[in-house]
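The values are calculated or read from the model by the stated rules, or taken from the named source; none is laboratory data. As the structure is a prediction and not an experimental result, all values here were calculated from the model. Backbone-built Cβ (ideal geometry, glycine too); neighbour counts: all protein chains shown. The protein model used for the area step is the full one, side chains on, heavy atoms only, and it has no ligands, DNA or RNA in it. Shrake-Rupley method; radii C 1.70, N 1.55, O 1.52, S 1.80 Å.
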Amino acid sequence: MDYKESLLLPKTKFPMRGNLPQNEPKKYKLWDEAKVYDRMKQNRKGAPSFTLHDGPPYANGHIHIGHALNKVLKDIIVKYHYFDGKSVRYVPGWDCHGLPIEQKVEEKIGSTKKKELPKSKIRELCRAHASRFIDIQRDEFKKLGVLGDWDNPYLTMDFKFEANIYRELCAIAQQGLLVQRSKPVYWSWAAQTALAEAEVEYEDKTSPSIYVAFKHEKLDASVIIWTTTPWTLPANTGIALNGEEEYVLTSDKFIVAKKLYNSLIEEEVIKGDIVDSINPKDLENSHAINPLNGRESKIILGEHVEMEAGSGAVHTAPGHGEDDYKVGLRYGLDVIMPVDAYGKYDETIVREKLFHDTDKYLGLHVFKANELILEELGDALLKHVDIRHSYPHCWRTHKPIIFRATKQWFISIDDEYGEQNKTLRQNALDVVENLTFYPEWGRNRLKSMLDGRPDWCISRQRDWGVPIAFFRNKKTDEIIFDEKVLNFTAMVFEQKGCDAWYDLPIEELLYPGSGLNPEDLEKTMDILDVWFDSGSTQNAVLRSRNYDAGTFPADMYLEGSDQHRGWFQSSLLTTLASSEIAPYKSILTHGFTVDEKGEKMSKSKGNVVAPDKVMKQYGSEILRLWVAMSDYQSDLKISDNILKQNAELYRKIRNTARFLLANVDDLDVIVDVEKMGSLDTWILAKAKKVFDEIEESFAVYEFSKGLNKLNNFLVVDLSGIYLDVCKDRLYCDDKNDIHRRSSQSAMAIIAKKLISTLSCILTYTMDELLEFAPEVIKGETKDIFDFEKLVLPTVESKLNEEVLLKAKEKFSEAIDTLKKDKIIKSTLELQIVTSCEDVLSLGNTEASDWFLVSSVSNEASSTEELASFEIDDIKFTVSKAAQEKCPRCWKFTSVDEETLCSRCESVLN
């Protein structure tokens with residue numbers, strides 16, 4: 001007789017395969033139409049809040065894998081807090097101004113046409129370019145399963161937004177921290193604009209390393225300077241020595257630092273012996289002669305002069321360097337700037353006589369002038385070698401930059417201001433002490449960057465951005481900072497956008513009651529650094545009430561680790577400068593995406609992993625799992641191989657969840673923990689411990705740590721042991737037998753916890769699970785967003801896990817030979833005899849299920865011993881089961897092969 005029909009086999013319609021690339025987009029579209037994000041807000045009215053403020057990507061180009069990592073990690077964290085019961089807010093945004101977009105427009109129309117077009121037309125083209133890519137990127141982000149206020153994102157080019165960026169600038173001006181001065185800044189000659197620190201990248205460059213002799217005006221000796229930028233020598237106005245070091249005069253009549261004498265001899269820059277010691281303070285304010293043009297160069301003292309390399313005498317051109325500028329101010333050195341916006345020598349070289357023959361240098365690019373200058377130096381050039389070194393490059397054009405003193409707008413870092421009368425630098429450093437950092441090393445990184453940073457240059461000489469919209473009085477050269485005038489400009493921007501600054505005459509832009517004559521005024525035409533735009537989002541998004549964006553300060557800012565010098569700083573400095581408050585409570589940073597070998601991705605290497613390709617091949621859930629499984633605190637490796645591993649892990653999770661669903665299909669009510677069997681309480685106690693540890697990891701955003709614990713639990717304890725040992729009772733016991741219902745209940749509790757834990761990462765899959773889950777699991781919930789967080793009960797397990805696991809392992813080893821030698825086909829053919837109390841206390845049913853044998857007892861067996869093992873000197877004897885195989889459950893507990901065992905008999909009759 002076939003008893004298969006009488007077995008209670010697992011039953012679920014939850015599909016084994018996810019078919020994610022086909023099914024996810026349908027589900028995401030439904031969520032979008034059903035306005036799930038709005039429902040999430042509704043569901044948590046009055047709950048404690050969590051605000052993650054989005055760092056805006058550029059509205060330029062398609063998203064890459066770094067974008068995907070960033071947005072998915074944000075989504076996981078926002079959802080973690082949502083499913084933890086908090087009222088969450090996440091308003092995505094875009095950076096819409098700036099050089100990257102302007103360059104794309106210039107590429108499209110050509111630089112000649114760009115110069116012919118009016119500013120407002122260029123700005124219109126930039127706006128259209130940004131709008132197009134906002135729509136493209138929004139669609140791409142949604143496909144990653146990222147939820148947020150996609151219908152009302154913040155765009156830095158919206159009129160109200162531009163007005164609020166401008167208001168933030170005015171607030172900083174009112175604090176007295178906005179200053180205009182001529183000072184050396186990073187200058188991109190390729191893009192003809194000043195750059196901020198965050199817009200500079202370091203790449204290798206070959207430069208001439210030269211030692212040059214400057215003849216002292218009175219002494220019969222020359223001071224040797226060392227430089228890698230010969231093109232800056234014409235603008236030299238000083239030579240800096242270190243006042244705390246000893247200098248020496250050599251027999252070949254050179255003055256150098258004593259500590260560097262030996263290395264200069266080795267490099268064959270000088271040959272002479274030391275003949276005298278020189279105190280640098282005796283040389284202070286004397287002069288040496290620049291061999292390039294015969295001009296005087298004042299000898300000065302500076303702490304910035306180091307003794308690691310060079311000669312101990314630093315060529316000083318205040319127009320070409322921050323340190324040079326600072327020390328030059330102290331000594332009243334001239335700030336000469338002979339280089340134009342395109343990096344070419346201008347008329348200054350003729351006016352100031354900076355070369356003997358100025359004609360061959362006029363209009364020449366400075367990097368092309370190096371060779372000519374080396375020739376012109378003649379005998380004064382003591383040594384020249386070419387070196388390969390790290391050099392600042394423009395982030396957009398990837399061309400090496402120059403330092404160039406120009407009139408720019410700065411936010412002062414070291415002027416005292418505000419209620420506490422502290423500097424912006426001090427305020428920022430104080431704030432950093434009280435923030436939470438994930439990982440913790442972010443604190444020192446941000447601190448050291450704030451500690452060493454210069455004033456923030458916020459002006460740019462470009463077209464596409466928010467103008468630094470001030471009126472200058474042509475007669476007095478004074479900037480008009482009248483509050484009513486500034487407020488009126490902001491109001492015009494709010495209504496017409498800041499294009500109005502270029503399109504409208506001064507009469508229409510000027511506050512009517514200002515008492516000023518428009519004819520006496522001119523407009524300032526620089527635009528704001530795009531980092532000021534994104535730094536102002538805390539005001540324009542979190543404080544303006546134009547968005548339902550959550551609380552201020554934000555609970556978290558989350559970006560790549562490069563933003564310690566970028567957005568984290570620009571946000572902190574703008575908010576502190578305008579309002580003396582920090583914009584965030586915590587900062588989380590992630591690394592960069594690299595290939596399997598840890599190498600940077602590039603098209604030329606062919607190792608680029610594109611998100612859309614991953615989605616088509618694997619689906620967004622696999623990408624999300626990769627993000628969660630990666631230790632994002634360092635660089636994240638991704639490749640097809642790594643994605644395959646994550647797809648395999650996903651398959652394990654899916655199949656385990658499916659098995660749980662299938663086995664609780666007919667469960668109506670969960671059995672009280674007190675009534676459960678010892679194996680069920682064991683797995684629940686185990687689950688409680690593991691899920692508590694997972695919670696701890698997730699709470700500090702260590703998702704990979706939590707997922708590794710989960711994976712181990714699912715594979716080793718749940719699938720490897722518990723689900724296996726429960727099969728007999730699930731399939732063969734009576735439907736309502738307490739043993740069966742008890743195990744089903746444990747499985748239902750674990751399934752609910754699994755769904756609740758993974759809902760922030762695998763939201764689509766957990767929602768799909770709920771769709772197919774019986775009522776005992778899903779209850780009244782409509783979908784995953786209604787699912788309540790489950791707290792596992794505290795369960796005491798009396799089972800001696802250590803002994804039982806050791807016994808199970810030893811048993812497995814002992815019978816390995818029996819299987820290989822084909823003495824047995826199944827462990828159900830066996831019985832175990834032992835006096836071990838830890839095993840016997842389980843009772844025969846639980847104990848035999850634990851080992852998957854037909855009987856466990858302490859009564860001597862009538863059959864021959866096949867194997868044995870010992871645990872703590874207690875013997876376990878393995879022999880063939882004394883009874884026959886039951887035709888229904890296949891356990892050897894029947895009187896003969898035709899007759900059902902007593903358990904199966906009572907189930908069927």
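Miscellaneous remarks
- Neighbours of residue 583, meaning other residues whose beta-carbon lies under 15 angstrom from its beta-carbon, give a summed charge of -4 when Lys and Arg score +1 and Asp and Glu score -1.
- Remark: the range 638-651, residue by residue, has Karplus-estimated 3J(HN,Hα) of 9, 6, 4, 4, 5, 5, 4, 4, 5, 5, 5, 5, 4, 4 Hz, where x stands for each Gly or Pro and the curve is 6.51 cos²θ - 1.76 cosθ + 1.60 at θ = phi - 60°.
- Computed from the C-beta positions of residue 841 and residue 580 and an R0 of 56 Å, the FRET efficiency is 0.25 to the nearest 0.05.
- For the range 245-300, averaging the sequence separation of C-alpha pairs within contact (under 8 Å, six or more residues apart) and dividing by the residue count gives a relative contact order of 32 percent.
- One way to sum up the overall shape of the range 419-493 is the equivalent ellipsoid from its Cα gyration tensor, whose semi-axes run 35, 16, 14 Å, largest first.
- Any cysteine of the chain lacking a neighbouring Cys Cβ under 4.7 Å - listed by number: 96, 126, 170, 394, 457, 498, 726, 760, 836, 904
- Rounded to 5, percent antiparallel among DSSP beta bridges of the chain: 75
- Available extension along the chain between residue 353 and residue 902 is 186.3 nm, counting 0.36 nm per residue and deducting the alpha carbon span.
- Cβ-Cβ FRET estimate between residue 200 and residue 47, R0 fixed at 41 Å, reported to 0.05: 0.40
- Sequence-distant residues sharing a close amide H with residue 254 (under 5 Å, placed H): 222
- Between residue 444 and residue 414, the FRET efficiency from the beta-carbon distance, with R0 = 30 Å, is close to 0.90.
- Theoretical gain in end-to-end length, residue 128 to residue 610 [0.36 nm per residue, Cα-Cα removed]: 171.0 nm
- In the chain, helices alone account for a calculated mean residue ellipticity at 222 nm of -12000 deg cm²/dmol, with every DSSP H run of four or more residues adding -39,500 (n - 2.57).
- Remark: for residue pairs 735/782; 104/368; 205/271; 142/782; 143/616; 281/383, the C-alpha separation exceeds 19 Å in 735/782; 104/368; 205/271; 142/782; 281/383.
- Residue 219 versus residue 304: modelled label distance in nm, points set 7 Å from Cα along the beta carbon direction: 2.3
- Projecting the alpha carbon convex hull of the chain along each direction and taking the average yields 50.2 nm².
- Over the range 59-103: Kirkwood hydrodynamic radius from C-alpha pairwise inverse distances, Å: 12.6
- Over the range 828-909, volume per residue of the alpha carbon convex hull, in Å³: 87
- Each Cα pair under 8 Å and six or more residues apart adds its sequence gap; the mean of these over the residue count of the chain is a relative contact order of 14 percent.
- The convex hull built on the alpha-carbon positions of the range 481-553 has an orientation-averaged projected area of 6.1 nm².
- Between residue 139 and residue 451, the simple spin-label model (points 7 angstrom out along Cα→Cβ) gives 4.9 nm.
- Three-way shape call for the range 1-49 based on the alpha-carbon gyration tensor, with the a/c threshold at 1.5: oblate
- 25 °C / 0.890 mPa s Stokes-Einstein diffusion coefficient of the range 309-426, Kirkwood radius on C-alpha pairs, µm²/s: 141
- Zone of residue 803's modelled label, taken as backbone nitrogen in the range 839-865 under 11 Å from a point 7 Å along Cα→Cβ: 839-842
- Partner lysines for residue 789 [C-alpha distance under 18 Å; skip if fewer than 8 residues away on the same chain]: 41, 45, 79, 86, 688, 689, 752, 753, 778
- The range 217-265: GluC sites (Glu not before Pro) in DSSP coil with no more than 11 other Cβ atoms inside 10 Å: 244
- Once backbone amide H atoms are built at 1.01 Å from N, residue 209 has 385, 386, 387 as its partners under 5 Å, excluding neighbours fewer than 5 places away on the same chain.
- DSSP bridge orientation in the range 113-271 - percent antiparallel, rounded to nearest 5: 85
- Computed from backbone phi with θ = phi - 60° and the Karplus coefficients 6.51, -1.76 and 1.60, the 3J(HN,Hα) list for the range 314-331 is 9, 4, 10, 10, x, x, 10, x, 4, 4, 4, 5, 4, 5, x, 4, 5, 9 Hz; x is used for glycine and proline.
- Residues whose amide H lies under 5 Å from that of residue 521, counting only those 5 or more places away or on a different chain, are 474; hydrogens are built 1.01 Å from N in the peptide plane.
- Ligands, DNA and RNA are left out, and with a 1.4 angstrom probe the accessible area of the range 587-738 is 42 Å² per residue.
- The 3J(HN,Hα) values that the Karplus relation (6.51, -1.76, 1.60; θ = phi - 60°) gives for the range 658-670 are, in residue order, 5, 5, 5, 4, 4, 8, 10, 3, 9, 7, 9, 10, 7 Hz. Gly and Pro appear as x.
- At most 13 other Cβ within 10 Å, DSSP loop - trypsin sites (Lys or Arg not before Pro), the range 798-832: 798, 822, 825
- Residue 258 paired with residue 794, simple spin-label distance in nm, labels 7 Å along Cα-to-beta-carbon: 7.2
- When all alpha carbon pairs of the range 774-891 are counted in 5 Å bins from zero, the resulting P(r) reads 2, 10, 18, 19, 13, 8, 6, 7, 7, 5, 3, 1 %.
- The Rg/Rh ratio of the range 182-306, with both radii computed over alpha carbons and Rh defined as the Kirkwood radius, is 1.02.
- The relative contact order of the range 609-754, computed from alpha carbon pairs under 8 Å that lie at least 6 residues apart in sequence, is 32 percent.
- Taking Cα atoms only, the orientation of helix 99-109 departs from the longest principal axis of the chain by about 80 degrees.
- Chain lengthening between residue 372 and residue 712 when straightened (0.36 nm per residue, less Cα-Cα): 115.5 nm
- Taking all Cα-Cα distances within the range 71-153, those exceeding 14 Å account for 69%.
- Residue-count net charge about residue 218 - beta-carbon cut-off 14 Å; Lys, Arg +1, Asp, Glu -1: -2
- Cβ-defined net charge surrounding residue 122, 15 Å radius [Lys, Arg +1; Asp, Glu -1]: +3
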